[in-house]
1. If I take every Cα pair under 8 Å that is 6 or more residues apart in the chain, average their sequence separation and divide by the length, what percent do I get for the relative contact order?
2. Got a sec to turn the phi values of the range 123-130 into Karplus ³J(HN,Hα) couplings, 6.51 cos²θ - 1.76 cosθ + 1.60 with θ = phi - 60°, whole Hz, x for Gly and Pro?
3. If each DSSP helix of 4+ residues adds -39,500 (n - 2.57) and the sum is divided by the residues in the chain, what number results at 222 nm, nearest 500 deg cm²/dmol?
4. Please state the relative contact order of the range 9-129 as a whole percent: Cα pairs under 8 Å, 6+ residues apart?
5. Which residue fluctuates the most in the chain, going by a Gaussian network model with Cα springs under 10 Å, if the choices are Asp166, Asp69, Asp215?
6. Rg to Rh for the range 106-210: what is it, with Cα atoms only and Rh by Kirkwood?
7. So if I take the centroid of the Cα atoms in the range 60-94 and the same for the range 141-216, what is the distance between those two points in Å?
8. Please get the size of the charge dipole for the range 88-186, origin at its Cα centre, with Cβ charges of +1 on Lys and Arg and -1 on Asp and Glu, quoted in debye to the nearest 20.
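The values are calculated or read from the model by the stated rules, or taken from the named source; none is laboratory data. Note that the structure is a prediction, hence the values are computed from the model and not measured. We place every Cβ from the backbone using ideal geometry, glycine too, and count neighbours over all the protein chains shown. The protein model used for the area step is the full one, side chains on, heavy atoms only, and it has no ligands, DNA or RNA in it. Shrake-Rupley method; radii C 1.70, N 1.55, O 1.52, S 1.80 Å.
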Amino acid sequence: MIARVAPAVLALLLIAAAPGELRYGDTLVAQAGRQAGDAALRIDAQGGDGTPIVIGPAISGGVTVPLADALGKPIGTLTVPMRLRARAPGIAAWLARRVYVAENLAEPDPFVPGVARARRAQALVERSLARFPDLVTLALHVAPSGDHNRIVASNFGRIGKPGDGDDLHVERDGAVLREVTNAGRRLAVELPLLDRAGRPIGALSTSFAVPPGADPQNLYRRAVAVRDALSRRIASRAALFAR
């Protein structure tokens, strides 16, 4: 699926974790906190419908900085302990690249309870984010052995979410889908995911911010570059799920 916000997926975006269930925001804050020396962090965000989304404990005497999503839209604030005041903007930027919409923070993680995580695939996503700073969203849609196509790694959560018609069209038919979204500010491209031998193993969903006056065709070539860089590091479909 090309990640986007539209009426057809509004119900999906408003899914929230049940009380006591791990949320995607909890996972992000824990990861960022570990990278910052096991620090407590707090996110105060607001969903598109105005619903408050709070992640992490209250932090007394901390430093608060703005928090945006991956397209740069303000979604709330990040509060860090005073000792991390110099690092706060960098932590907020790290988080922003892993939130497509504020509602991601409140969604269950994994999205489908009990689904196994493809840690090697997720490591490839992280590597791609570092290599391609213009990436907005990235998701690998792959069918594990004996299973159905689903998101196995992404920079916006939803791990385990089943593939839709677009994903299956790309995977089965080799289709390439392109769509300009967010009032012309984002180009989404979904294309076949290949292993290093060129064998189709799933679908790769990408998107990029469209600078004013930019040629979307150039951004399409960026999507191919992301896919090819990933493919060189994938020995096989099974390798994505190896422990």
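1. On the way: 494 pairs, mean separation 44.3, N = 243.
18 percent.
2. 4, 5, 4, 4, 5, 5, 4, 6
3. Values: 6 runs with 63 residues, N = 243.
So the helix-based figure for the chain works out to -7500 deg cm²/dmol.
4. On the way: 190 pairs, mean separation 37.7, N = 121.
Dividing the mean separation by the residue count of the range 9-129 yields 31 percent.
5. In this elastic network of the chain, the residue with the biggest mean-square fluctuation among Asp166, Asp69, Asp215 is Asp215.
6. Values: Rg = 13.4 Å, Rh = 14.1 Å.
Rounded to two decimals, Rg/Rh equals 0.95.
7. 30
8. Numbers: 14 positive and 12 negative charges, 83 e Å.
Roughly 400 debye for the range 88-186.
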